[in-house]
Amino acid sequence: MLRLNFKPCKSLLPITYPKWLSESPFLHTFPNTITFTTFLQHNNQPIQNPQLLYQGTISLDSATYTHLLKSSTRSGSVILGKLVHTHLIKTSFHQCLFLQNNLLNMYCKCGEIGFACHLFEQMPNRDVVSWNLLISGYSLVGFYSKAVEMFCNARMDGVKLDKFTYSGVLSVCGRTCDVELGVMIHGLIVVSGLGSQVFLTNSLIDMYSKCGWMNQARFLFDNSHELDDVSWNSLISSYVRTGLYESTVEFLVRMHRSGLALNSFALGSALKACSSCFGGSREIGKMLHGSAVNFGLDLDTVVATALLHMYARTGDLSSATNVFKFTPNRNVVMFNAMIAGLFQSDTEISKELADDALRLFSEMQRWGISPSSFTFSSILKACNAVEAFGYGKQIHAQVLKNNLQIDEFIGSALVDLYSLSGQISDALRCFHSTPKIDIVSWTSMIAGLIRNGQFEHALSLFYDMLGSRGKPDEFTMSSALSACAGLAASRSGEQIQGYATKAGLGHYTVVGNSQVCMYGKSGDIDAANLAFKEMEDRDVVSWSAMISSHAQHGSATEALSLFEMMKRVGVAPNHITFLGVLTACSHGGLVDEGLRFYEIMKRDYGLPPTLKHCACIVDLLARSGRLVESENFIKNSGFEDDPIMWRALLSACRIHGDTDTAKRVAERVIGLEPQAASSYVLLYNIYSDAGIELPATEIRELMKDRGVKKEPGISWIEIGSTVHSFVAGDRSHPNSQVVYEKLEELLEKIRKLGYVNEKAGSDSSVEEQKDRSAANYHSEKLAVALGIISLPKSAPIRVMKNLRICHDCHTTMKFISAAEGREIIVRDSIRFHRFRHGSCSCRDYW
């Protein structure tokens, strides 16, 4: 090893230094020392004073320069290569064509195509090798059109092209799927008399297969006079690439019968074909495993990795683990395959599998194997699946340590990590720090914002993606429609649906499912029905979404009919489907049917009840007046310590005016969740409805003492492309005066029809009088008044609210729908209320 010390680079630059090299930032950032990974000699003697090299006293010979350039090419060290080039110019060394070609090769292989092009243009003499190197260099960095242009220039300059020239341009044709150009090159090869060379036959087979012309590739193979191992390997891998998996195995058998020894590449390709799970693929894979053992290839890392992947994909995880354990020389690819194999199952990633993946990650680090970007993205996926967010942050630190944060797959996994843990600001920071944002990154970030309830921000980001010429896929469109569903913005949803149809994405099931959800949550059940009927392929999510939409709209009969139809067409319901069915029964007052479906879910489908299923049963029983039975169900459900269960019972106590049970239940739920305002408000309303003033006042005082603040009621309505929001007594709207005048006009009109505020009366307390006055200007009433002013009479008025609608507003909406002849749809936190002709779709059972 020789360490060379020299002065800063500027002192070494001659005045005649080429402009294209002197302008390189490299020349201004030379270190003071460079380590050559070779021994430099002059006249076969070691150099005693290396500083003489840079003073121009000693020049190296052509062989040494060539050796150094090849060393820099192998190591990918463009710094070392440029240093050699600098010394060549400094010493005015006469560069022969061979040495210049080595320089050109170094720049091309190191990705410095600009330097390579300048060097090529300044070369006084060029041969076919020079042209081949530049064609290969352009292809290597993805400048395929320039590579083809150089091929044409070489022909026009009269260069006698060789097999490497044609092979290089055929590689470009294969990568760009330009089969027309490939056919022309094939013709030139035949005309030049090189068509019989097996090297070019292999290149042509590869080009035709990459362009999807497998018949032509096979014809070329069958009619070639000379074939080698590469020919067979090329065709076998081509069959795998094009999805002809059974043909892959058949061709491997033919290769063996022809007398050729199987190699690791051919076996690996055949095993990859078996991973596709075609009929009998696992058995064939096991036979190939036996062949690999017979040929002594089972311990080859390539074959072992393919075996591992095959077993994992076909569901035999134990065999995959055994292959991994008994392979001696494991590399990062094999560790990656084992980690990915743990997640091949269609079921959710279990904590046990995630722990195995994390253990493998630790093991590969103990072996001194550096994780790749694929390793980190897989491990982050495991952390996200089991919500191991603390460990995920540690992995993030290692990503930064290995300088892999710029990888778009890792960036997407980090966005998922932080959005799942509720740290949306950190998720956004990871998203914006990813230099190359692909469609997966955009979709992950949009979905993360939706997951955290930031629907407006999600839609804004979707429009930013479109503005940056991003091309959304079906999952992006599904997420954008989900954001519209969260906002109940049907107008925006219709526009996005139109974009999806125009982009050819409307036929995807995932997009259709989101359309059903969007229309259902926006209050347009008819449009949801239409979207459902127009879907070509309906899966369990499609049926569940439509059943849940009917359930939320109070259409219990339609929801149960859909459930029966779903079973008839052979789609097995899941836990989401049954949640929709139980919700429909609860909102429709179908107690016996609900209990029957609850038992069917457990008995016939083996689905264990979740918290939400049990909460539906509590609501179902309690609404029907069976409060004692409902309370006993809670105690035996296994979710006795969850406030959601008790709050459902407390809500029913208000319906039936059972203050004794309400007091006991409220004490329980407040003890479980002391800072939840909804429980206090429910108990206050129960006492207030019963006319028991003292306890109601005490509840208010208790809230003040504990610092519990009631969540403000917010209602919003979409008019055109604008969403208008209101709170109770809100006067911030630009047209608030007109809205209030319209509301007073409506209230006066419905009073003549018999409307009376529920809290009205001479014996009302001062507090109740204040509540009655405020109730006249609840947010949903203001939103409805704006809707009547702004929307045509034929258009339904759709209002969304974050809390449950109160009794007075519910009564008011019925009267307004009759007085104005308008259809009013209000979505509260529980369900939809569809007011028409003075009645509600809930039939006052809510």
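The values are calculated or read from the model by the stated rules, or taken from the named source; none is laboratory data. Fair warning: this is a prediction, and the values are worked out from it, not measured in the lab. All Cβ positions, glycine included, derive from the backbone under ideal geometry; neighbour counts span all protein chains shown. Heavy atoms of the whole protein, side chains included, go into the accessibility calculation; ligands, DNA and RNA do not. Shrake-Rupley method; radii C 1.70, N 1.55, O 1.52, S 1.80 Å.
Quick one: what are the phi-derived ³J(HN,Hα) couplings along segment 141-149, Karplus 6.51/-1.76/1.60 with θ = phi - 60°, whole Hz, x for glycine and proline?
8, x, 8, 5, 5, 5, 5, 5, 4
Tell me which residues come under 5 Å, amide H to amide H, from Arg798 once H is placed; ignore anything under 5 positions away on its chain.
Ile825
Using just the helices of the chain, give the 222 nm mean residue ellipticity in deg cm²/dmol: DSSP H runs with n ≥ 4 each add -39,500 (n - 2.57), and the total is spread over all residues, rounded to 500.
That calculation yields -20000 deg cm²/dmol at 222 nm.
What is the extension gain from Met565 to Asp526, computed as 0.36 nm multiplied by their sequence separation minus the C-alpha to C-alpha distance, in nm to one decimal?
Taking Met565 through Asp526 to full extension adds about 12.2 nm, to one decimal.
With a Förster radius of 22 Å, plug the Cβ-Cβ distance of Glu226 and Cys177 into 1/(1 + (r/R0)^6) and report the FRET value to the nearest 0.05.
That gives a FRET efficiency of 0.20.
Angle, helix 474-487 long axis vs. longest principal axis of the chain, Cα atoms, 0 to 90°, nearest 10?
30 degrees
Would you mind checking which residues have amide H under 5 Å from Ile719's amide H? H placed 1.01 Å from N; only 5 or more apart, or other chain.
Placed amide hydrogens put His724 under 5 Å from Ile719.
Which pairs in the list Lys163/Lys272; Lys502/Lys533; Lys351/Lys635; Lys781/Lys814 are over 23 Å apart, alpha-carbon to alpha-carbon?
Check vs 23 Å cut-off fails for Lys163/Lys272; Lys351/Lys635.
Can you tell me the order of 816-826, 464-474 when each peptide is scored by its average per-residue count of other Cβ atoms within 10 angstrom, highest first?
816-826, 464-474
With Cα Rg over 2.2 N^0.38 Å in mind, check [x] 1.28; [y] 1.20; [z] 1.11 and report the label derived from this structure.
Computing Cα Rg over 2.2 N^0.38 Å and matching it to [x] 1.28; [y] 1.20; [z] 1.11 gives [x].
Determine the relative contact order of segment 333-421: mean sequence separation of Cα pairs under 8 Å and six or more apart, normalised by residue count, in whole percent.
The normalised contact order for segment 333-421 reaches 29 percent.
Using +1 at the Cβ of each Lys and Arg and -1 at the Cβ of each Asp and Glu in the chain, identify which of Ala427, Thr659, Leu627 lies farthest towards the dipole's positive end.
Of Ala427, Thr659, Leu627, it is Ala427.
Cβ neighbours within 10 Å, averaged per peptide: list 594-602, 326-334, 645-653 in order, most packed at the top.
Ranking, from highest mean packing down: 645-653, 594-602, 326-334.
Could you state the accessible area per residue of the chain in Å², with a 1.4 Å probe and every protein chain left in place?
Per-residue value: 47 Å².
Considering the dipole of the chain built from charges on the beta carbon (Lys and Arg +1, Asp and Glu -1) around the Cα centre, which of Gly111, Gln495, Val708 is farthest to its positive end?
Of Gly111, Gln495, Val708, it is Gly111.
Under a Cβ-only charge scheme (Lys and Arg +1, Asp and Glu -1), can you give me the dipole magnitude of the chain about the Cα centre, in debye to the nearest 20?
Around 1620 debye, computed over the chain.
Step through the residues of segment 184-198 one at a time and calculate ³J(HN,Hα) from phi using the Karplus curve (6.51 cos²θ - 1.76 cosθ + 1.60, θ = phi - 60°), rounding each to whole Hz and writing x for Gly and Pro.
Calculated HN-Hα couplings, in order: 4, 5, 4, x, 5, 5, 5, 5, 6, x, 9, x, 8, 6, 4 Hz.
Could you work out the relative contact order of the chain, using alpha carbon pairs under 8 angstrom and six or more residues apart, expressed as a whole percent?
This gives 4 percent for the chain.
Determine, for each peptide in 435-442, 135-142, the mean count of other beta carbons within 10 angstrom over its residues, then list the peptides with the highest first.
Averaged packing, sorted descending, gives the order 135-142, 435-442.
Relative contact order for segment 700-748 using alpha-carbon pairs under 8 Å, separation at least 6, rounded to a whole percent?
20 percent
Hey, what do the phi angles of segment 623-638 turn into as Karplus ³J(HN,Hα) couplings, whole Hz, using 6.51/-1.76/1.60 and θ = phi - 60°, x for Gly and Pro?
For segment 623-638, the Karplus curve yields 4, 7, x, 8, 5, 5, 4, 5, 5, 5, 4, 4, 5, 9, 7, x Hz.
On the protein heavy atoms, probe 1.4 angstrom, tell me the percent of accessible surface of segment 298-392 carried by carbon and sulfur.
Here it works out to 51 percent.
Show the residues, 5+ positions off or on another chain, whose built amide H is closer than 5 Å to the amide H of Ile714.
Amide H neighbours of Ile714, under 5 Å, 5+ apart: Asn802, Leu803.
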